[in-house]
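A quick write-up on the structure given underneath.
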Amino acid sequence: MPTPNPRHPNFPIPGGNELRAKGWRQEALLRLLENVLSVGEDPDNLVVYAALGKAARNWAAHDAIVNALKTMDEDQTLIIQSGKPIGLLKTHARAPLVIMANCNIVGQWAKAENFYDLEKKGLIAWGGLTAGAWQYIGSQGVIQGTYEIFMRIAENRFDGDLRGRFILTAGLGGMGGAQPLAGRMANAAILVVDVDPERARKRQEVGYLEHVAPDLDTALAMIDEAIKARRPTSIGLVGNAAEIYPEIARRGITPDIVTDQTSAHDLVYGYVPKGYSLEEVRRLRKENPAELMAASRASIVDHVNAMLEFQRRGAEVFDNGNLIRTQARDGGVANAFDIKIFTEAYLRPLFARAIGPFRWMALSGDPEDIRKIDELVLKMFAGNNIVTNWIGLARQYVPFEGLPARIAWLGHGERTQLALAVNELVANGTLSGPVAFSRDHLDAGAMAHPNIMTERMKDGSDAIADWPLLDAMLLTASMADLVAIHSGGGGYAGYMTSAGVTTIADGTPEGAERLRHVQTNDTSLGVMRYADAGYDESFDEIEKKDIPHIDLR
Ligand code: NAD
């Protein structure tokens, strides 16, 4: 039975044991599509997150996808082009059920203006990373990444503890909404600015944000009080970051850590320029996008100049993957890239070992299934502090949204081991239904994004998109249930290429075979990609785990 969804009553959370499709694999993908809408920001318009990240091109396309998933046989493959189903072909029972390509535009044409034009004509849709591939699990997906970033900064600069430290950031949207919780979990006092009161209210409602301050003076006083008491807290403030950041700098206050997760990648449908009300922005999106684009860029210049000022005064400042530096540079801030990107600064040693955001979803809808898998993970990876610490915190702080799900940063061998053990628990009835395994596209072998994932690679291979394309082909050959190739990244067009994958633990021996090949090959390619770029950690991993890499050094 589906569970009622108070946030979006027309989009119940899927669950139960009743199959509407011809098998669990098809049913699983159908539930994942339903799930991204149930946890999405604006499901009536098929938007999952990040302003335009959509689950399907339009409602006709959505309904046709649902119909295909319900009626297709196991030996067929559904082809989806930018959120629109175009054919259901006979393949074989070991082939993926769904393959999709979302928002890929040929190099010279891959510009935001062309994307908007094609979008308006109904020819393309942007899938974000996990929206179009039906892998989004609510804000939990980014909480751990954000938490790990804060913890790496704590280790590098603050003796491993953010107690009594002030984090300033902005953006309480689909992804950014994870920031207040991640900051509090890392013991910091975190202030998050968002221009939209509705977003602040939503995050407070789901328990991610503790307080909303009525004005900047009160917000800063609350932060000051928490810092003095060394008490973790999260405070929201309704305001425009392009005004609030410079004002905090003007007052001579320097936070310890500064970042931003507004939708700066999108100057029209995402970022809100200062001096404009939300109503005006909504009107201009239709009537004068060019004015909005120029005003957003001008605001981002002020926003980033304040971030650079904080950095000059000694704050730890980083770009959290929303292209704000790129927009500022294009607006004339020559030194915008003095701000570092989070991947290179904090996470690359993990990616070089293909340790990344692995995740699983209980298709039964039963939270007990995730609790049982938590126990398994704690036992299986007892020596892995990153994972055990996270599972403990997630159980305490992270409410489930949509299908109960969990994320943990696991690497080569570990993912395979866990997926196979879970498949066994499905087979012997310990779990009340099958489990879907997926991962973020921001994963070792899966993404080329020269301004986020692959910035300043050791060998200069930042912009080479062969890796995610190879990954997608390899995952198809490895019999995944769903394989996706996405493009866009921040900025919709031309910024990145990525591969997504979903495989279902349905408790069958065939499911085990699929899971073994997919997880093992996906992380093998990830380690090889970083070995190819010359990272020592990757060679260490290859040797320790006997990964069949062809070494041409
Ligand atoms: P979203 O559109 O759901 O939310 C963006 C929020 O920013 C909204 O709540 C909006 O009101 C607020 N906002 C816009 N302009 C503002 C301004 N000037 N001042 C204050 N608030 C403002 O987007 P999201 O899903 O939360 O994603 C945010 C950004 O992070 C996107 O650019 C996305 O691409 C990026 N992102 C990066 C990573 C990563 O690589 N770490 C992961 C996920 C998302």
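Out of all the residues in segment 486-533, which are among the β-branched types (Val, Ile, Thr) and part of a helix (DSSP H, G or I)?
Residues satisfying the conditions are Val518, Thr520, Thr523, Val527.
Would you confirm whether or not segment 407-417 contains a residue that is buried (at least 22 other Cβ atoms within 10 Å of the Cβ) and among the basic types (Lys, Arg)?
For segment 407-417, residues buried (at least 22 other Cβ atoms within 10 Å of the Cβ) and among the basic types (Lys, Arg): present.
Return only the number of the condition from (1) within 15 Å of the ligand (Cβ to nearest atom); (2) within 23 Å of Ala306 (Cβ to Cβ) that Thr233 does not satisfy.
Against the list (1) within 15 Å of the ligand (Cβ to nearest atom); (2) within 23 Å of Ala306 (Cβ to Cβ), Thr233 comes up short only on (1).
Yes/no matrix, rows are residues, columns are (1) part of a loop (DSSP other than H, G, I, E, B); (2) more than 30 Å from Ala493 (Cβ to Cβ):
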position	(1), (2)
Tyr208	yes, yes
Asp217	no, yes
Ile235	no, yes
Pro273	yes, no
Lys286	no, no
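Taking segment 430-446, which residues are more than 13 Å from Ile373 (Cα to Cα) and either open to solvent by 10 Å² or more (accessible area, probe 1.4 Å) or basic (Lys, Arg) (or both)? Break it down stepwise before answering.
If we filter segment 430-446 for residues that are more than 13 Å from Ile373 (Cα to Cα), which is where we start, we get 438-446.
Across segment 430-446, the qualifying residues are Arg439, Asp440, Leu442.
How many of the residues making up segment 157-173 are within 16 Å of Phe342 (Cβ to Cβ) and open to solvent by 10 Å² or more (accessible area, probe 1.4 Å)?
1
Where residues in segment 490-510 are among the small types (Gly, Ala, Ser) and over 22 Å from Leu33 (Cβ atoms), which of them is nearest to the ligand (Cβ to nearest atom)?
Gly490
Exactly one of these conditions fails for Met473: (1) more than 20 Å from Leu420 (Cβ to Cβ); (2) open to solvent by less than 40 Å² (accessible area, probe 1.4 Å). Give me its number.
That leaves (2) as the condition not met.
Which residues, counting only those in segment 345-372, are over 22 Å from the mean Cα position of the chain (by Cα) and open to solvent by less than 20 Å² (accessible area, probe 1.4 Å)?
Within segment 345-372, Ser364, Asp369 qualify.
Out of (1) open to solvent by less than 10 Å² (accessible area, probe 1.4 Å); (2) farther than 30 Å from Gly511 by Cα; (3) touching a strand residue (DSSP E or B) at 6+ places or on another chain (Cβ under 9 Å), what's the single condition that is false for Ser82?
With respect to (1) open to solvent by less than 10 Å² (accessible area, probe 1.4 Å); (2) farther than 30 Å from Gly511 by Cα; (3) touching a strand residue (DSSP E or B) at 6+ places or on another chain (Cβ under 9 Å), Ser82 is out only on (2).
Could you grab me the full set of residues in segment 254-283 that are away from the ligand (no atom under 13 Å from the Cβ), open to solvent by 10 Å² or more (accessible area, probe 1.4 Å) and either touching a helix residue (DSSP H, G or I) at 6+ places or on another chain (Cβ under 7 Å) or not assigned by TED's automatic domain parsing to the domain that holds Ala306 (or both)?
Within segment 254-283, just Thr254 meets the criteria.
Being of a type in the set (D, E, K, R), away from the ligand (no atom under 14 Å from the Cβ), touching a residue at least 40 places away in the same chain (Cβ under 8 Å) and open to solvent by 50 Å² or more (accessible area, probe 1.4 Å) is the requirement here; does Glu309 meet it?
So Glu309 fits the description; yes.
Can you pull out every residue in segment 326-344 that is surrounded by 24 or more Cβ atoms within 10 Å (Cβ to Cβ) and within 12 Å of the ligand (Cβ to nearest atom)?
Here is the first cut: in segment 326-344, the residues surrounded by 24 or more Cβ atoms within 10 Å (Cβ to Cβ) are 327-328, 343.
The answer is Gln327, Thr343.
The values are calculated or read from the model by the stated rules, or taken from the named source; none is laboratory data. Quick caveat: nothing in here was measured; it's all calculated off a predicted structure. Cβ coordinates were reconstructed from backbone atoms using ideal geometry, including for glycine residues, and neighbour counts include every protein chain displayed. The accessibility values were calculated without ligands, DNA or RNA, using every heavy atom of the protein model including side chains. Shrake-Rupley method; radii C 1.70, N 1.55, O 1.52, S 1.80 Å.
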